[in-house]
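S.K.: Would you mind keeping the following structure in view while I ask a few things?
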Amino acid sequence: MSIVGRLYRTEQQFDFPALWKKALIASALIVVVSLGSLVFRGLNLGIEFEGGTSWEVIAPGASVAEARDALAGTGAVAGKIQTVGADSIRVRADIDDAGGAAEVTQALAALADVSIGEVSVTTVGPSWGDQITNKARNALIWFFVIIAVYIAIRLEWRMSLGALVAVAHDIIISVGFYSVFQFEVTPATVIAFLTIMGYSLYDTIVVYDKVREIGRRLGPTERYTYTEMMNLALNQVLMRSINTSITSVLPVLSMLVVGSFFLGALTLQEFALALLIGIIVGSYSSIFVASAIVAWMKEREAQYAALARKVHLRSGGSEGTRMVASEDAAPGAARTRPTADRVRPAHAPPRPRKKKKKKKR
């Protein structure tokens, strides 16, 4: 049977703790690159955040160089000029006076061979842009505070810390992606970032809730370390996480492809791109970041440190041997065995019994 078939039958099990170290190193490198890009390159903030005047006109076949030549002699020649979609030109410049703005409008209308009324003009004051930026920052701070308190009360503070680190990881990588490739950050992008945090937390809390359930059921047997219980929880919710991610990605892809490439809706493109990145990164972080952090902290609690020693000594394993629990046994008769590399599937099918030959009388 293929790996997909085994996943759907919950017969394919993974040793996630063995992958945590490599995953965390990869995450750390990506976070460093993202932060470096944010420091040295910054973000390509939209007009709503920086203020200024933006012009947009449908000009099939016109290039950025042609638009810059057409704007020679106006105040927008040194501004930001870019193509939008397949047939539009967008110009952004910091021009306050009405006369200067009218010159740019006329130049773009002549370039596209359209009337002045067909050139879209948007003006945003710097104070309004600052107000939007402050509100977005405040929303982010309050989000972290409320979520931290809720998870600490609903679960525990270690899980709250793990979830917040995972969410910060997702936001830094998502924003860093926009910084590296210089995609424009607009209010739609900010809304998508806030949505990303909610999605990431949902996936993480599902894992945390499952490990608590397993801990209540198998913890009293004192045959499972916390890391082993976390691994069992991850394997049990893996298929659910995959299905949730797929069903979330498909409409986002539809929005990205149909909305931006066929309908030319740029707001949909900005929103969908941020969501797509966030869903992928959020699914990854719930398994390889949030879970690893909580397991690391819990294993250093006196209760679970003593439990790990008991499991190790009971198995007769030597130093450096890791114990892996098999959940196919009943909680009261749980078994452990030492292993160096391999992990027995948590839902492995029972071995077939040999049929006894009947003696002929």
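The values are calculated or read from the model by the stated rules, or taken from the named source; none is laboratory data. Model, not experiment: these values are computed from the prediction. Backbone-built Cβ (ideal geometry, glycine too); neighbour counts: all protein chains shown.
S.K.: Would you list the helices (runs of 4 or more DSSP H) that sit entirely within the stretch 84-187 and hold 1 or more residues that are in contact with a Pro (Cβ under 9 Å, 6 or more places away or on another chain)?
M.R.: Of the helices (runs of 4 or more DSSP H) lying wholly inside the stretch 84-187, those with at least 1 residues that are in contact with a Pro (Cβ under 9 Å, 6 or more places away or on another chain) span 98-112, 126-154.
S.K.: Suppose we filter the stretch 172-187 for residues that are out of contact with any Leu (no Cβ under 8 Å at 6 or more places or on another chain) and buried (at least 17 other Cβ atoms within 10 Å of the Cβ); how many remain?
M.R.: Here the count works out to 4.
S.K.: Hey, does the stretch 276-289 have a residue that's assigned to a helix (DSSP H, G or I), in contact with a His (Cβ under 8 Å, 6 or more places away or on another chain), at pLDDT 85 or above and of a type in the set (A, V, I, L, M, F, W, C)?
M.R.: Yes, that holds for at least one residue.
S.K.: Next question, about the same structure. Would you say LEU313 is at pLDDT 65 or above and under 30 Å from ILE173 (Cβ atoms)?
M.R.: Here the answer is no, as LEU313 does not meet what is asked.
S.K.: Among (1) under 25 Å from GLU270 (Cα atoms); (2) crowded, with 18+ Cβ neighbours inside 10 Å; (3) not aromatic (Phe, Trp, Tyr), which single condition is LEU111 missing?
M.R.: (1)
S.K.: Restricting the stretch 59-79 to residues that are of a type in the set (A, V, I, L, M) and surrounded by fewer than 17 Cβ atoms within 10 Å (Cβ to Cβ), which is modelled with the lowest pLDDT? Steps first, please.
M.R.: Going residue by residue through the stretch 59-79, those that are of a type in the set (A, V, I, L, M) are 59, 62, 64-65, 67, 70-72, 76-78.
From what's left, surrounded by fewer than 17 Cβ atoms within 10 Å (Cβ to Cβ): 64-65, 72, 78.
Numbers: VAL64: 83, ALA65: 85, ALA72: 83, ALA78: 75.
Per the stated criteria, the residue is ALA78.
S.K.: If you go through the stretch 127-145 one residue at a time, do you hit one that is among the basic types (Lys, Arg) and touching a helix residue (DSSP H, G or I) at 6+ places or on another chain (Cβ under 7 Å)?
M.R.: Step one: filter the stretch 127-145 for residues among the basic types (Lys, Arg), giving 135, 137.
With the extra rule that they be touching a helix residue (DSSP H, G or I) at 6+ places or on another chain (Cβ under 7 Å), the set shrinks to none.
Looking for residues that are among the basic types (Lys, Arg) and touching a helix residue (DSSP H, G or I) at 6+ places or on another chain (Cβ under 7 Å), one finds none in the stretch 127-145, hence no.
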